[in-house]
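Trainee: Mind having a look at this structure? Questions to follow.
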Amino acid sequence: MNIIHWNISKVSHPMYALRKYEDELFCHIKELKQDWNIERIWRKDKKILGSTVFSWLFYKSNDADVVHATSQTVAPAAYFKLKKSNKFIVTVHDLAPLVYPSEITDVSMRIQWMLTPKALRKADRIIAISEFTKEELMGLIEISEEKISVIHQGVDHEKYKPLDKIKCKEKFGLNQEDKHILVVSSNVKHKRMDLAKNIFDHIRSIKGNIKMIKAGYGEVLKGEGIISVGWVKEEEMPLLFNAADVYLHTSEYEGFGLPVLEAMACGVPVVANNKASIPEIVGDCGSFAGLDENNIIQTSEKILSLIDNGIDREAMEQSKKFSWKKTAEETIEVYEDVYKGE
């Protein structure tokens, strides 16, 4: 079978969740199906020609049996580049811009989300990365249920695992006497960094030797006791998770929530918002909170109750349900079903 991946990532991009999905999927499929011809097309590195909208012009379908757009905003390229002989699959990670239109910050993004819903309806199959995203597709874009396959993201258990906490804290210059709450997130509104800060401020008023580490997309969070570490290289992320004593996830909207899974794989106790896809990933092993301004005290108490607990074995066990190999195997099944016309 001939497969082409249309990737949203650029070769020059540092590692982030979507690129990790694209890299892991491509490499595992190539390893599992060595008799298949599989190639990937990246976005161009140039600023203008590499913008998402202009990139649609540079994807190609050739004689591929299956074209897989590995992010929803690549889907409009189907208007220009798809042939009748190609089967078309799209992975949808989330529909946040449709839920939070105020987060659409530029013309390019506005064009993307004007054309993406209609392009998704052209797909032969859509891969949703969670049951939550599947429900969003059915409710917001009216995609029929039988057209959607749910395939979760994964985690590399060889990298993300418990490591020596003392050495990991040393790596980031952290005081061994302090306890650390880790947040890995961008600062967009629905990630609720305002709430994370308010929770932390309340915790600090109770116990002063607790610090918060903020990582994610190189964006900082300002405040007393908050350590913003900027952009952390992928090879150092397992060390960062292991330097933490609790992982806090305040986001109220997630297509999947990969950092939560990676924290679990490292055995870090998780306190997360009981919304969107997060309960689906965490299962019964995490501490949930209805995270809003009315529950700051309750959430703070949960964090304080976990911060001295050490490795969370139940979280590690739950994380084993997810792997990139499993993601690839289930994606291969979708390719074969679509190619056969099932």
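The values are calculated or read from the model by the stated rules, or taken from the named source; none is laboratory data. In this text, all values refer to a predicted model and were calculated from it rather than measured experimentally. Please note: Cβ atoms are built from the backbone with ideal geometry, for glycine as well, and neighbour counts cover all protein chains shown.
Trainee: Would you pick out the residues in the stretch 316-342 that are crowded, with 19+ Cβ neighbours inside 10 Å, part of a helix (DSSP H, G or I) and either under 18 Å from the mean Cα position of the chain (by Cα) or of a type in the set (K, R) (or both)?
Mentor: The answer is Q318, S319, W324, T327, A328, T331.
Trainee: Restricting attention to the stretch 207-249, report how many residues are crowded, with 24+ Cβ neighbours inside 10 Å and assigned to a loop (DSSP other than H, G, I, E, B).
Mentor: Count: 1.
Trainee: Same structure, new question: Look through the stretch 1-26, keep the residues that are free of Cβ contacts under 8 Å to residues at least 60 places away in the same chain and under 24 Å from K326 (Cα atoms), and return whichever of them is farthest from the chain's Cα centre (by Cα).
Mentor: F26
Trainee: Given the conditions (1) touching a residue at least 12 places away in the same chain (Cβ under 8 Å); (2) under 26 Å from the mean Cα position of the chain (by Cα), and given that K46 satisfies all but one, which numbered condition is not satisfied?
Mentor: The failed condition is (1).
Trainee: Within the stretch 105-132, restricting attention to residues that are in a helix (DSSP H, G or I), more than 23 Å from V338 (Cβ to Cβ) and of a type in the set (V, I, T), which residue is modelled with the lowest pLDDT?
Mentor: V107
Trainee: With the requirement that a residue be touching a strand residue (DSSP E or B) at 6+ places or on another chain (Cβ under 8 Å), in a loop (DSSP other than H, G, I, E, B) and either of a type outside the set (S, T, Y) or outside the structural domain of E131 (by TED's automatic domain parsing) (or both), what does the stretch 56-104 give you?
Mentor: Hits for the stretch 56-104 are F58, K60, N62, D63, A64, D65, L82, N86.
Trainee: Now for a different question. So how many residues does the stretch 141-175 have that are over 30 Å from V99 (Cα atoms), part of a loop (DSSP other than H, G, I, E, B) and touching a strand residue (DSSP E or B) at 6+ places or on another chain (Cβ under 8 Å)?
Mentor: Going through the stretch 141-175 one residue at a time, the tally reaches 3.
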